[in-house]
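The structure appears right after this line, and notes come after that.
Here, each number is a calculation from the coordinates, and none is a lab measurement. These figures come from a predicted structure and were not determined experimentally. Methodologically, a virtual Cβ is constructed for each residue, glycine included, from the backbone with ideal geometry; neighbour enumeration extends over all protein chains shown.
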Amino acid sequence: MIEQLHANRDLPDVDLKKLIETSLYDQELFRHADEVRREYYGTDVYIRGLIEFTNYCRNDCFYCGIRWKNLKLERYRLSKSEILCCCEIGYGLGYRTFVLQGGEDPFYTDEQISEIVAEIRKKYTDCAITLSLGEKSYESYELFFRAGANRYLLRHETANAEHYAKLHPVGMSLENRKRCLWNLREIGYQVGSGFMVGSPFQTTACLIEDLRFLQQLRPAMIGIGPFIAHRATPFNRFSSGDLRLTLRLIGILRLMFPNALIPATTALGTADPQGREMGLRAGANVVMPNLSPVEVRSKYELYDNKICTGDEAAECCACLSRRVRAAGYEIVMDIGNVRPLKEQLPQNHKTREKV
Ligand code: SAH
């Protein structure tokens, strides 16, 4: 099965199900995944400087600690100059990608976001600017793109509509989430999507739908991490997503999407102290150290016990460098664009991809 997945970048649903549901082939899977990641990226690991610039959110996703109904959370917003200060520190440390992530905060108008983006663009011509601000209109996405943003992260969270409805309040829909992703792609963004592993009510069939949706969207980046409960959410009693399953899915993703940018996420590092290292060995090739000011770190609390909330940017960077090296890879100071896909597939698969 794994050789078939490696060769065809695909497997029938029945085999995917088998592969997802057993740990028997994990070592074999990771070996193949690592071979493919080295073929495309060598031992390179790209870094993205994450700036969590607001924890205000108008949404009420049942899994997320910064949902607006969490009245216990102390809210914060960074000003334009504070964001620029994070970029300056990051640039000095070697970051060439800045990721501005936040809740869906109506306080920032499109004009303000565009101004922030334009300012970063003007100062750092050799950097990529990634936004992760949730669902916006086509027009808003277009404005940000024109201001100089080139990447956008928006996980689809789950590609099964019923499952989506169990994770989100009425008013949010998978349909809109998907529409946003297609819009972003059309505008010209390098798109990142992804899903949580082990979110409440998730089944193997949901995970297969996630993989199938990703085959349609073909995003440049695919971010996955285990679901981790947050005490002040309706999902506070659910157990966390399985670390092994998350690693297995990283391996599967690497074989299905050989050139993808796959981060070893903070949630993976929270699930296990060695989680990110294991993620890299399973096929991940990106890490996203935190550049947010230390004073606000702990307030961007998506789930309980989130790691790296106490370290200064420089410490965070040094710590991750060590971890990446210990896992057998090397952080590179590079803008870290996606590599082109090598076309080496059998004819029948190519035709399928085009459909
Ligand atoms: N508002 C932005 C950013 C969301 S936070 C957006 O809508 O895209 C970034 C990601 O954290 C989410 O996409 C989600 O997949 C993940 N996340 C949120 N709560 C989580 C939890 N309890 N456990 C694990 N991951 C979580």
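Tabulated values for the structure
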| item | result |
| --- | --- |
| Percent of beta bridges antiparallel (DSSP, the chain, rounded to nearest 5) | 5 |
| Table column - 3J(HN,Hα) (Hz), the range 226-235, Karplus curve with 6.51, -1.76, 1.60, x for Gly and Pro | x, 5, 10, 5, 10, 4, 9, 10, x, 9 |
| The range 1-129 - Rg and Dmax from Cα coordinates, angstrom | 20.9, 53 |
| Along principal axes, Cα extents of the range 38-81, largest first, whole Å | 48, 32, 15 |
| Charged-residue dipole, Cβ positions (Lys, Arg, Asp, Glu), the range 34-121 about Cα centre, Debye nearest 20 | 280 |
| Segment residue 335-residue 20, extension gain: residue separation times 0.36 nm, minus the distance between their alpha carbons | 110.1 nm |
| 0 to 90° range, to nearest 10: angle between helix 243-256 axis and the chain longest Cα axis | 70 |
| Interchain or long-range residues, amide H under 5 Å from residue 97's placed H | 49, 128 |
| Estimated 222 nm signal from helices in the chain, with DSSP H stretches of n ≥ 4 weighted -39500 (n - 2.57), rounded to 500 | -13500 deg cm²/dmol |
| Amide H partners (placed H, <5 Å) of residue 192, local residues excluded | 152, 153, 154, 221 |
| Summed residue charge, Cβ within 13 Å of residue 146's Cβ, Lys/Arg positive, Asp/Glu negative | -4 |
| Shape call, the chain: gyration tensor on alpha carbons, a/c limit 1.5 | rounded |
| The range 76-202 shape via C-alpha gyration tensor axes, a/c threshold 1.5 | prolate |
| Residue (of 129, 81, 238) at the positive-pole extreme of the chain, dipole from beta-carbon charges | 238 |
| Subset of 123/299; 80/122; 123/178; 17/342; 122/306; 178/342 violating a 23 Å alpha-carbon distance limit | 123/299; 123/178; 17/342; 122/306; 178/342 |
| Helix 110-123 axis, angle to the chain major axis (alpha carbon atoms, nearest 10°) | 80 |
| Signed unit charges on C-beta, dipole axis of the range 15-336, positive-most listed residue 319, 147, 197 | 197 |
| Positive-end residue of 219, 93, 117, charge dipole of the chain with Cβ unit charges | 219 |
| Degrees between helix 138-147 axis and first principal axis of the chain (Cα, 0 to 90, nearest 10) | 70 |
| Computed magnitude of the charge dipole of the chain (debye, nearest 20; Cβ of K, R +1, Cβ of D, E -1) | 200 |
| Dipole magnitude (debye, nearest 20) for the range 162-204, charges at Cβ of Lys, Arg, Asp, Glu | 40 |
| From phi via Karplus (6.51, -1.76, 1.60), per-residue ³J(HN,Hα) for the range 307-316 in Hz, x at Gly/Pro | 7, 6, 8, x, 8, 5, 3, 5, 5, 4 |
| Full-extension gain in nm, residue 218 to residue 110, via 0.36 nm per residue minus C-alpha separation | 36.2 nm |
